[in-house]
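Single-structure report; data block below.
The values are calculated or read from the model by the stated rules, or taken from the named source; none is laboratory data. As the structure is a prediction and not an experimental result, all values here were calculated from the model. All Cβ positions, glycine included, derive from the backbone under ideal geometry; neighbour counts span all protein chains shown. These area figures cover heavy atoms from the full protein model, side chains too; ligands, DNA and RNA do not enter into them. Shrake-Rupley method; radii C 1.70, N 1.55, O 1.52, S 1.80 Å.
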Amino acid sequence: MALSEEALPTASPARTRALVWELLRPRRGLALAAFAVMVGATAFGLLPQPLLGHIVDLVAEGRPAAELTTPAVLLVLVAVLQGGATALGLTLISRLGETMLAALRERFVERALLLPQERVERAGSGDLTARVTGDVSRVAESVRNAMPELARSLLAIVLTLGALALLDWRFLVAALLAVPVQAHTARWYVRNAVPLYARQRVAAAGIQQRLLDTIGGAETVRAFRMEDEHTGRVAKASRAAIELTMRGVRLVVGFYSRLHIAEYIGLAAVLFAGFLLVRDGTASIGTATAAALYFHSLFGPINNALVLLDDAQSALAGLARLAGVATLPPEPEPEPEPEAGQEAAAGQGREVTVAGAGHAYEAGRPVLRGVDLVLRPGEQVALVGASGAGKSTLARIVAGVQRPSAGTVRLPAARPGAARAVVLVTQESHVFAGPLAEDLRLARPGADEEELRSALDLVGALEWADALPEGLDTVVGEAGHRLTAAQVQQLALARLVLADPEVAVLDEATAEAGSAGARALERAAARAARGRTALVVAHRLTQAATADRIVVMEDGQVMESGTHEELLALGGRYAALWEAWSDTRATAG
């Protein structure tokens, strides 16, 4: 099955090679060392065949048994040296592969985090999730297993063919009779496998997206009795993936069958050449034996190399999907306004200006329509309105998470020493696994303990932070100390304080607290936003009432704007919302 045209990109072969070279370039010394050691290990592995051939000649000539001692000892010594060199070479190759893989993962995560939210949403979270999980796992498995074995096999093939030529060039010619069949097999396999494995990865992403959609909206699916419809969609995607898998199985069976034919042709040719050369006295029985053993020893490396094409093609398909995201150019930041000192009027240039902003997640279904909004420096503006009015979309656009489909957004420059001009805090804040202090330092890496404690104190979190088993060094997050919903939001607000942005966007940042801790969290949010320009999507009207200005949205448009008192006196939408909310509170009381 094919994904939509909005799917995240897959890199071309040239772009994938360029990325691999970019990752390899800083590690050239390690790559050369691994190659040299593997060449030495493979060369040691070519010595047993002539030694065994020499033993055959000694026996055929009726030489004393004592003369067999030296070649037998040499065989043991060669085995030890080859084993040690191979272990060292594979270790170096594995280290090279793992460091490159780690760099690729970091590059992928860095680019993925910078993707505009709407681009990820259009592609579907299943696409990105499949790349992060399945594609990374497949490439990692190839790096740990297939790549070292493939390197060793290719070296063994090249050096063994060279050793055959040293015995007698006619042995090499006989062995090469198998090459046309093997080359045709490899070309046939690659031509069919590359598109097949690419389609398999896309199909896997499609299944994952179907499952995520069904599980994420399970309550809605059950409410509208759509279980059969969604199960049918998942089953259809699964059947398509199974069909692609069975095509892959049939491809591999045909691949192995052709390889066996090549082996029979090559071995028969080498044995026949040995027979002719021994009969003519050109070669000894031991030499012919060594040649046959050399060709027989090629079975393993050649088959491994060709079989590993299966893993390599699948890994390359995954690598191209990872490279498609990892090589994306960074999205340009919204152009900032000049600094205040560069403007004629004091404070000019520090405003947030939204002009004619419109946005639609789906064509023909706009969620914002021609929104004009100006946030003056240091002004606290609250967005209120019914669910679906466009408040969160407008907040995300101001924060730079979402790009408007129409219109412009002008932001001030970042404060001196701050990484970003705007910081967004939502109700779905995340606690990263690790010490609490390091979680806070994500916002300001160089912050000392006093700055961390000051930020926590400002948002009312220092008391519970000090009460943790190891204070700020307590491990939180997964497998660590679990924080309550209110504590998580306080942690997010403390990060906001540490980041010290010019503009703070709070998208229902106090909604997860529940009614018990709502007032305390609202006070914490107000303190965190103090001294900044703030746009607050208000979850409770008490939070909106304390703002400098309230903007009422409905159906993607700004309907009213003014202070709490002005809007109540106006008697419009906000006044109706306030009255309804007040009646609800009175009834609950």
Among the residues of the stretch 401-420, count how many are of a type in the set (A, V, I, L, M, F, W, C), assigned to a loop (DSSP other than H, G, I, E, B) and surrounded by 22 or more Cβ atoms within 10 Å (Cβ to Cβ).
0
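Residues to consider are T69, T129; find the one that is open to solvent by less than 70 Å² (accessible area, probe 1.4 Å) and at pLDDT below 85. Break it down stepwise before answering.
Values: T69 fails: open to solvent by less than 70 Å² (accessible area, probe 1.4 Å).
So the residue among T69, T129 that is open to solvent by less than 70 Å² (accessible area, probe 1.4 Å) and at pLDDT below 85 is T129.
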Looking at the stretch 15-31, can you tell me whether even one residue there is more than 21 Å from A102 (Cβ to Cβ) and either modelled with pLDDT of 80 or more or open to solvent by less than 30 Å² (accessible area, probe 1.4 Å) (or both)?
no
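Residues checked against (1) more than 30 Å from Q557 (Cβ to Cβ); (2) open to solvent by less than 50 Å² (accessible area, probe 1.4 Å):
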| residue | (1), (2) |
| --- | --- |
| V422 | no, yes |
| E463 | yes, no |
| D466 | yes, no |
| G471 | yes, yes |
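Pick from A525, A511: which is hydrophobic (A, V, I, L, M, F, W, C) and modelled with pLDDT of 80 or more?
Numbers: A511 fails: modelled with pLDDT of 80 or more.
Exactly one residue qualifies, and that residue is A525.
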In the stretch 565-582, what residues are open to solvent by less than 70 Å² (accessible area, probe 1.4 Å), modelled with pLDDT of 85 or more, in a helix (DSSP H, G or I) and more than 14 Å from A386 (Cα to Cα)?
L567, L568
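Pick from Q487, Q543: which is in contact with a strand residue (DSSP E or B) (Cβ under 7 Å, 6 or more places away or on another chain), assigned to a helix (DSSP H, G or I) and either at pLDDT below 85 or on the phi < 0 side of the Ramachandran plot (or both)? If you could, list the steps in order and put the result at the bottom.
Numbers: Q487 fails: in contact with a strand residue (DSSP E or B) (Cβ under 7 Å, 6 or more places away or on another chain).
Sole residue among the options that is in contact with a strand residue (DSSP E or B) (Cβ under 7 Å, 6 or more places away or on another chain), assigned to a helix (DSSP H, G or I) and either at pLDDT below 85 or on the phi < 0 side of the Ramachandran plot (or both): Q543.
Regarding V270, is this residue closer than 30 Å to P50 by Cα, modelled with pLDDT under 85 and assigned to a helix (DSSP H, G or I)? Even if it seems obvious, please write down each step before you answer.
On the way: closer than 30 Å to P50 by Cα: yes; modelled with pLDDT under 85: yes; assigned to a helix (DSSP H, G or I): yes.
Considered against the rule, which asks whether it is closer than 30 Å to P50 by Cα, modelled with pLDDT under 85 and assigned to a helix (DSSP H, G or I), V270 comes out as yes.
Does A41 meet the test of being surrounded by 13 or more Cβ atoms within 10 Å (Cβ to Cβ), in contact with a Ser or Thr (Cβ under 6 Å, 6 or more places away or on another chain), hydrophobic (A, V, I, L, M, F, W, C) and closer than 21 Å to S153 by Cα? Let's see the steps before the verdict.
On the way: surrounded by 13 or more Cβ atoms within 10 Å (Cβ to Cβ): yes; in contact with a Ser or Thr (Cβ under 6 Å, 6 or more places away or on another chain): yes; hydrophobic (A, V, I, L, M, F, W, C): yes; closer than 21 Å to S153 by Cα: yes.
Taking the combined requirement at face value, the residue satisfies it.
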Being among the charged types (D, E, K, R) and over 29 Å from the mean Cα position of the chain (by Cα), is that true of even one residue in the stretch 452-462?
yes
Could you say whether any residue in the stretch 98-105 is open to solvent by 30 Å² or more (accessible area, probe 1.4 Å), in contact (Cβ under 8 Å) with a residue 24 or more places away in the chain and of a type in the set (D, E)?
yes
Looking at (1) within 24 Å of F35 (Cβ to Cβ); (2) open to solvent by less than 40 Å² (accessible area, probe 1.4 Å); (3) in contact (Cβ under 8 Å) with a residue 40 or more places away in the chain, find the lone condition where N145 falls short.
(2)
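Scan the stretch 14-23 and give yes if some residue there is of a type in the set (F, W, Y), in contact (Cβ under 8 Å) with a residue 40 or more places away in the chain and assigned to a helix (DSSP H, G or I), otherwise no.
Going through the stretch 14-23, the residues of a type in the set (F, W, Y) turn out to be 21.
If we keep only those that are in contact (Cβ under 8 Å) with a residue 40 or more places away in the chain too, we end up with none.
There is no residue in the stretch 14-23 that is of a type in the set (F, W, Y), in contact (Cβ under 8 Å) with a residue 40 or more places away in the chain and assigned to a helix (DSSP H, G or I).
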Restricted to the stretch 309-335 and to residues being part of a helix (DSSP H, G or I) and at pLDDT below 75, the residue most open to solvent (accessible area, probe 1.4 Å) is D311
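To keep it simple, each residue is scored yes or no on (1) more than 30 Å from L75 (Cα to Cα); (2) free of Cβ contacts under 8 Å to residues at least 12 places away in the same chain; (3) of a type in the set (V, I, T).
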{"site": "V234", "(1), (2), (3)": "yes, no, yes"}
{"site": "L259", "(1), (2), (3)": "yes, no, no"}
{"site": "E263", "(1), (2), (3)": "no, no, no"}
{"site": "G266", "(1), (2), (3)": "no, no, no"}
{"site": "V278", "(1), (2), (3)": "no, yes, yes"}
{"site": "N304", "(1), (2), (3)": "no, no, no"}
{"site": "L308", "(1), (2), (3)": "no, no, no"}
{"site": "S314", "(1), (2), (3)": "yes, no, no"}
{"site": "L319", "(1), (2), (3)": "yes, no, no"}
Give me a count of the residues in the stretch 258-304 that are in contact with a Ser or Thr (Cβ under 9 Å, 6 or more places away or on another chain), surrounded by fewer than 16 Cβ atoms within 10 Å (Cβ to Cβ) and not hydrophobic (A, V, I, L, M, F, W, C).
1
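Would you be able to say whether some residue in the stretch 196-207 is hydrophobic (A, V, I, L, M, F, W, C) and either surrounded by fewer than 14 Cβ atoms within 10 Å (Cβ to Cβ) or at pLDDT 85 or above (or both)? Break it down into steps so the answer makes sense when it comes.
Filtering the stretch 196-207 for residues hydrophobic (A, V, I, L, M, F, W, C) gives 196, 198, 202-205, 207.
Checking the rest, the ones that are also either surrounded by fewer than 14 Cβ atoms within 10 Å (Cβ to Cβ) or at pLDDT 85 or above (or both) come to none.
Scanning the stretch 196-207 turns up no residue that is hydrophobic (A, V, I, L, M, F, W, C) and either surrounded by fewer than 14 Cβ atoms within 10 Å (Cβ to Cβ) or at pLDDT 85 or above (or both).
Condition check ((1) touching a helix residue (DSSP H, G or I) at 6+ places or on another chain (Cβ under 7 Å); (2) under 30 Å from E141 (Cα atoms); (3) free of Cβ contacts under 8 Å to residues at least 40 places away in the same chain) across all residues:
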residue: G62; (1), (2), (3): no, no, yes
residue: E67; (1), (2), (3): yes, no, yes
residue: V76; (1), (2), (3): no, no, yes
residue: L92; (1), (2), (3): yes, yes, no
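Name the helices (runs of 4 or more DSSP H) wholly inside the stretch 72-183 in which the number of residues that are more than 26 Å from the chain's Cα centre (by Cα) is 3 or more. Outline the logic, then answer.
Numbers: elements: 117-123, 125-130, 136-141, 147-167, 169-175.
In the stretch 72-183, the matching helices (runs of 4 or more DSSP H) lie at 147-167, 169-175.
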Counting only residues that are among the aliphatic types (A, V, I, L, M) and open to solvent by less than 30 Å² (accessible area, probe 1.4 Å), which one in the stretch 546-559 is nearest to P404 (Cα to Cα)?
M553
Unique residue being out of contact with any Cys (no Cβ under 6 Å at 6 or more places or on another chain), β-branched (V, I, T) and open to solvent by 10 Å² or more (accessible area, probe 1.4 Å) when the list is V431, V371, V384, V398:
V431
Picked from the stretch 436-461 (must be of a type outside the set (G, A, S) and not in a helix (DSSP H, G or I)), the residue surrounded by the most Cβ atoms within 10 Å (Cβ to Cβ) is V459
